[in-house]
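Enquirer: Input: one structure, supplied below.
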Ligand SMILES: [Zn+2]
């Protein structure tokens, strides 16, 4: 993998909002506003964009600077900082459970904006992100744009499916934790996994939102992921540290075991996702909705 500082592409004008790094030949990590990352992958038959960010700029125009051929959006999950850019694209896809449980609900909400009941831009309030917004940010235009909704997916993925880019395959793993329908995407050839928000190395590793999985399901997900710790070189989360080593999956599984043993006492926290219980693994750690029952 190329280093963080190599092959950076500075975007001009409106696109200065994005920082693009070529991390493998034909694979680009896009950092949006220092807040969230998504990925562009050029394949021989088809290109893929893994998540689309907040949609503050024309993400499709950005992607077109790097990708040729048809572009398929694959959402790791549908939280707004990962899918509000979907509206720029024709072909989107996500895990079946994510669409059925969460994605559908985000659609067709324009009436709620006109009634003043909902403001998509409210996601930036209290996020620590608001001061980073571009100076020309037009809140009203953004809200109306986002409210058009997510285009109906052309494909809903199941665990074990392969996404075919021609010369490369991405394997779909259903990883319920942050949301019940989240997926991670495995590129075996490059020993790399795209993590979405299933994990990250920060204090904003959120397992406390309404759409979260139950604790038992969460623990099963991280136990399963630990099985990839030795075969993966790189983990690519959407927040926090940009690139993590594969063995971080073992640290996570071990941390979860410590939580269940009762050896870490959680700290009550409140963030813009709501109240929760933070388990400190040492400068990072997960936030659960409730204190995790200690196993006896
Ligand atoms: Zn999320």
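Enquirer: Which order do the peptides 167-178, 134-145, 76-87 take when ranked by the mean count of other beta-carbon atoms within 10 Å per residue, highest first?
Expert: Output ranking for 167-178, 134-145, 76-87: 76-87, 167-178, 134-145.
Enquirer: How big is the Kirkwood radius of region 150-221, worked out from every pair of different alpha carbons and given in Å to one decimal?
Expert: 13.4
Enquirer: Sticking with this one: Run through every distinct alpha carbon pair of the chain and return the Kirkwood hydrodynamic radius in angstroms, one decimal place.
Expert: 19.5
Enquirer: Here is a further query. Shape call for region 236-296 from the C-alpha gyration tensor, a ≥ b ≥ c root eigenvalues: rounded (a/c under 1.5), prolate (a/b greater than b/c) or oblate?
Expert: Oblate shape, in that a/c is at least 1.5 and b/c is the bigger or equal ratio.
Enquirer: Further question on the same structure: Test of understanding: extend the Cα→C-beta vector of residue 290 to 7 Å, then name every residue of region 180-224 with backbone N under 18 Å from that spot.
Expert: Residues passing the 18 Å test: 180, 207-220.
Enquirer: Also: When a/c reaches 1.5 or more, the comparison of a/b and b/c decides; with that in mind, is region 54-101 rounded, prolate or oblate per its Cα gyration tensor?
Expert: The shape class here is oblate.
Enquirer: Where in region 234-256 does the amide nitrogen come within less than 19 Å of the point 7 Å from the Cα of residue 269, taken along Cα to Cβ?
Expert: 237-244, 249, 251-256
Enquirer: Quick one: if you stick a label point 7 Å off each Cα along the C-beta vector at residue 164 and residue 191, how many nm between them?
Expert: 2.8
Enquirer: Based on the Cβ-Cβ distance from residue 220 to residue 135, what FRET efficiency comes out when R0 is 41 Å, to the nearest 0.05?
Expert: The formula returns an efficiency of 0.35 here.
Enquirer: While we're here: Would you mind calculating the relative contact order of region 146-279 from Cα pairs under 8 angstrom and at least 6 residues apart, reporting the percent as a whole number?
Expert: 17
Enquirer: Looking at the chain as a GNM with Cα springs under 10 Å, which of 182, 261, 115 has the largest mean-square fluctuation?
Expert: Looking only at 182, 261, 115, the biggest GNM fluctuation is shown by 115.
Enquirer: Moving on to the next point. Kindly state, as a whole number, the per residue volume in cubic angstrom of the convex hull around the alpha carbon atoms of region 139-285.
Expert: For region 139-285, the hull spanned by Cα atoms encloses 144 Å³ per residue.
Enquirer: Determine the relative contact order of the chain: mean sequence separation of Cα pairs under 8 Å and six or more apart, normalised by residue count, in whole percent.
Expert: Reported relative contact order: 12 percent.
Enquirer: Using 7 Å Cα-to-Cβ label points, what is the residue 22/residue 122 separation (nm, one decimal)?
Expert: Rounded to a tenth, the inter-label distance reads 4.3 nm.
Enquirer: Would you mind calculating the gained length between residue 115 and residue 148 on full extension (0.36 nm times residue separation, minus the Cα-Cα distance), in nm to one decimal?
Expert: Extra length from residue 115 to residue 148 when fully extended: 10.4 nm.
Enquirer: Which of the peptides 19-32, 280-293, 42-55 is most tightly packed, and how do the rest follow, going by the mean number of other Cβ atoms within 10 Å of each residue?
Expert: My ranking of the peptides, most packed first, is 42-55, 19-32, 280-293.
Enquirer: What FRET efficiency comes out for residue 231 versus residue 155 if R0 is 22 angstrom and r is the Cβ-Cβ distance? Round to the nearest 0.05.
Expert: E between residue 231 and residue 155, to the nearest 0.05, is 0.25.
Quick note: the coordinates plus some simple rules give every number you see, no bench work behind them. It should be emphasised that the depicted structure is a prediction, and the values quoted were computed from it without experimental measurement. FYI the Cβ positions are ideal-geometry reconstructions off the backbone, even for glycines, and counts take in every protein chain you see.
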